[in-house]
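Take this structure first; my questions come after.
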Amino acid sequence: MNRPPVNSLNTEHLEQLHRALVRLENEKCRGMILSSSSPTVFSAGLDIREMYKPELEKARKFWRTLQDMWLKLYSTPYPTVAAIHGHAPAGGCLLALSCEYRVIVPNVKIGLNETQLGIVAPQWFQDCMRNVIGERQAEKALIAGHMFNTEQALQVGLVDEVAADKAACIARAEAFLASQANLPLLARKTVKLGFRNSTLSRLMTGREADTKIFIEYIFQPKVQKGIELYLQSLSKKSG
Ligand SMILES: CCCCCC/C=C\CC(=O)SCCNC(=O)CCNC(=O)[C@H](O)C(C)(C)COP(=O)(O)OP(=O)(O)OC[C@H]1O[C@@H](n2cnc3c(N)ncnc32)[C@H](O)[C@@H]1OP(=O)(O)O
């Protein structure tokens, strides 16, 4: 990802990611490392500006593009690793959770923090967390909107490994891909999709309802006020 300053996910960036995933699949790619050009941020999650006073059709397109990108990422036939050498809140955490393996560096925060922002992580975000860390830990983390530090993320199983820095992180991600390289492709892909199928189907069969929930939620005046205040607090921080 290369969308400075924080790889926030707007419609255009989500489309780029989706196109890249389609291309990799068409080219019979043997593995992907999802990484960031930023030295300190993996991805800041959804671009909050896309949810602030949007036009209805633009907001619908934004959400459908996110769904398209995630459905592709979660179901890739090739192995995927997240090299998390920077913070990964909310949608950034979703990207990492959607890969098959996660390597993180020290001093990083990662988690689905939506509750803390007064918004609700959609069901499929929640499913991704549950599938990685289990029901009990996911419920606790999601209710609190907990951001895990590196040590906590490793301990709870949210990430698989800690590496000292970006270079080591990429090297460990490559080692994971190498460990998968000799597995029979069809068997590997079939088992992966077997595990992920119910999560994927839940969104595929409920896409329109999921979009409706998003639209109805973000267009509420009190939610818009919350988004406005949050945007102000973010820009004050950097100003
Ligand atoms: C029922 C359905 C309801 C809706 C469901 C929505 C689901 C998912 C939600 C999301 O993904 S919402 C996004 C949540 N993300 C966050 O809360 C992260 C916010 N950002 C940060 O915490 C920090 O920026 C950072 C990622 C830890 C990086 O910190 P750093 O100090 O390096 O950078 P900043 O100075 O804070 O930011 C630089 C610059 O970027 C702007 N920015 C940061 N995050 C976002 C974002 N998510 N969207 C848009 N813009 C963002 C920030 O305002 C600064 O802008 P300027 O002031 O420089 O213009």
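Please state, rounded to one decimal and in Å, the Kirkwood hydrodynamic radius that the range 141-239 gives when every pair of distinct Cα atoms enters the mean of 1/r.
The answer is 18.4 Å.
Report, as a whole number in µm² per second, the diffusion coefficient that Stokes-Einstein gives for the chain at 37 °C and 0.692 mPa s using the Kirkwood radius over alpha carbon pairs.
Rounded, D is 180 µm²/s.
If we count trypsin sites (Lys or Arg not before Pro) as exposed when they sit in a DSSP loop and have at most 16 other beta carbons within 10 Å, what is the longest stretch of the chain that avoids them all?
The answer is 31-239.
Net charge within 11 Å of Gly118 by Cβ-Cβ distance, Lys/Arg positive one each and Asp/Glu negative one each, not counting Gly118 itself?
So the surrounding residues net to +1.
Report, in listed order, any pair from Lys192/Lys222; Lys140/Lys192; Lys109/Lys192; Lys72/Lys166; Lys28/Lys109; Lys192/Lys212 with a Cα-Cα distance greater than 31 Å.
Lys192/Lys222; Lys28/Lys109
For Lys53, which aspartates and glutamates qualify as cross-link partners when the Cα separation must be under 14 Å and same-chain residues fewer than eight apart are set aside?
Cross-link targets: Glu216, Glu228.
Dipole of the range 56-192 (Lys/Arg Cβ +1, Asp/Glu Cβ -1, origin at the Cα centre): which of Thr76, His146, Cys128 lies farthest to the positive side?
Going by the charge dipole, the pick is Thr76.
Using a 10 angstrom Cβ neighbour count of at most 11 plus a DSSP loop assignment to flag exposed GluC sites (Glu not before Pro), which longest range of the chain is free of such sites?
56-239
How large is the charge dipole for the chain, taken about the Cα centre, if only the Cβ atoms of Lys, Arg (+1) and Asp, Glu (-1) carry charge, to the nearest 20 debye?
So the dipole magnitude of the chain works out to roughly 180 debye.
For Asn107 paired with Leu193, estimate the spin-label separation in nm (one decimal), with each label point 7 Å from Cα along the Cα-to-Cβ line.
4.3
Run the simple label-point estimate for Ile215 and Ala144 please: 7 Å along Cα→C-beta, distance reported in nm.
3.7
Tell me what the chain gives for mean residue ellipticity at 222 nm when only DSSP H runs of n ≥ 4 count, each as -39,500 (n - 2.57), the sum divided by the residue total, rounded to 500 deg cm²/dmol.
Estimated from H runs of four or more residues: -18500 deg cm²/dmol.
Taking the C-alpha atoms of the range 157-198, how large are the radius of gyration and the largest Cα-Cα span, Dmax, in Å?
13.3, 35
With the convex hull built on the Cα atoms of the range 48-94, state its orientation-averaged projected area in nm².
4.1
State the volume of the convex hull built on the alpha-carbon positions of the range 1-140, expressed per residue in Å³ and rounded to an integer.
Considering the Cα atoms of the range 1-140, their hull volume per residue is 110 Å³.
Going by alpha carbons, how many degrees (0 to 90, nearest 10) lie between the helix axis of 135-144 and the longest principal axis of the chain?
Orientation of helix 135-144: about 30 degrees from the principal axis.
Determine how many Å³ per residue the convex hull of the Cα atoms of the range 101-165 encloses.
Cα convex hull per residue, to the nearest whole number: 77 Å³.
Every read-out reported here was derived from the displayed coordinates using simple, explicitly stated rules and does not represent laboratory data. What you see is a predicted model, and the numbers here were worked out from it, not measured in a lab. Quick reminder, even Gly has a Cβ in these numbers, built from the backbone with ideal geometry, and neighbours come from all protein chains shown.
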